[in-house]
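Read through the structure below, which is laid out as structure tokens, and then see the notes.
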Amino acid sequence: MTEFWETAFNDKQEMWGMNPAKSAELTTNFFLEKSIKNILIPGIGYGRNAQPFISNGIKVTGIEISKTAIELAKKHYGNEMTIFHGSVTEMPFGDKKYEGIFCYALIHLLDSIERKKLIQDCYNQLTENGFMVFTAITKEAPNFGKGKLIEKDRYELYEGAKVFYYDQEAVKAEFNDFGLFEISKVNEHQPMYLIKCKMNV
């Protein structure tokens, strides 16, 4: 998987531009309402989704598997944020806890065991009353059901690109034990769910 993402970034560099995703802007507003001051972004890429948080005074820490993406992020943001180099499947990186976690368009790229671990690892890194927000592709996406079926609702459209497609039942099954309190729809380049959870003490 490391090789796949390194190749993707080398080939396309800043392939999504520098404008943040709609989900990042919505989550920034939500975190500001909750007075959240520091967050973790697993799979931060080259940092475009860090922009609205940083602009609003929220301290950002990221995790990224691609060295190329990290170099691009440093070019844009310098020392404004800390980025750990490694896979989200190897979380946690350090023992710091965060008031908020934002995980964009990542969880659906993992298999069932990795998804479960990521959710648990993120939850474990929340402070008391912290929030985590995930976005995940839905079954309404045009590519759902296309390509090679790997496991239930997970398809490989082309080599290396394996995607699990969520419906609301799948969201509840995976997130209910982790303070799930809201599932809403947001349209990015694909139809997505915006999934909100709160640390239950």
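The values are calculated or read from the model by the stated rules, or taken from the named source; none is laboratory data. Since the model is a prediction, treat every value here as computed from it, not as a measurement. Note that we place each Cβ from the backbone using ideal geometry, even for glycine, and neighbour counts take in every protein chain shown.
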Leading residue by the ranking (nearest to Val201 (Cα to Cα)) among those in region 152-179 that are of a type in the set (Ser, Thr, Tyr) and crowded, with 19+ Cβ neighbours inside 10 Å
Tyr166
Restricting to region 51-77, count the residues that are of a type in the set (Asp, Glu) and crowded, with 20+ Cβ neighbours inside 10 Å.
1
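Can you tell which of Asp153, Asp167 is within 26 Å of Thr28 (Cα to Cα) and not aliphatic (A, V, I, L, M)?
So the residue among Asp153, Asp167 that is within 26 Å of Thr28 (Cα to Cα) and not aliphatic (A, V, I, L, M) is Asp167.
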For region 59-73, what are the residues that are in contact with a helix residue (DSSP H, G or I) (Cβ under 6 Å, 6 or more places away or on another chain) and closer than 21 Å to Lys96 by Cα?
Val60, Ile63, Glu64, Ile65
Take the residues in region 37-50 that are touching a residue at least 60 places away in the same chain (Cβ under 8 Å) and surrounded by fewer than 24 Cβ atoms within 10 Å (Cβ to Cβ), then tell me which one is farthest from Tyr98 (Cα to Cα).
Gly43
What about Lys196, is it surrounded by 14 or more Cβ atoms within 10 Å (Cβ to Cβ) and touching a helix residue (DSSP H, G or I) at 6+ places or on another chain (Cβ under 7 Å)?
no
From the list Asn176, Asn79, exactly one residue is over 14 Å from Ser23 (Cβ atoms) and modelled with pLDDT under 95. Which is it?
Asn79
I'm trying to understand the selection: among the residues of region 111-144, which are crowded, with 16+ Cβ neighbours inside 10 Å, assigned to a strand (DSSP E or B) and of a type outside the set (Phe, Trp, Tyr)?
Leu126, Gly130, Met132, Val133, Thr135, Ala136, Ile137, Thr138
Hey, does region 150-160 have a residue that's in contact with a Ser or Thr (Cβ under 7 Å, 6 or more places away or on another chain) and in contact (Cβ under 8 Å) with a residue 24 or more places away in the chain?
yes
Members of region 74-110 that are of a type in the set (A, V, I, L, M, F, W, C), outside any helix (DSSP H, G or I) and out of contact with any Cys (no Cβ under 8 Å at 6 or more places or on another chain)
Met81, Ile83, Phe84, Phe93, Phe102, Ala105, Leu106, Leu110
Here are His108, His76: which of them is touching a residue at least 24 places away in the same chain (Cβ under 8 Å) and more than 19 Å from Ile39 (Cα to Cα)?
His108
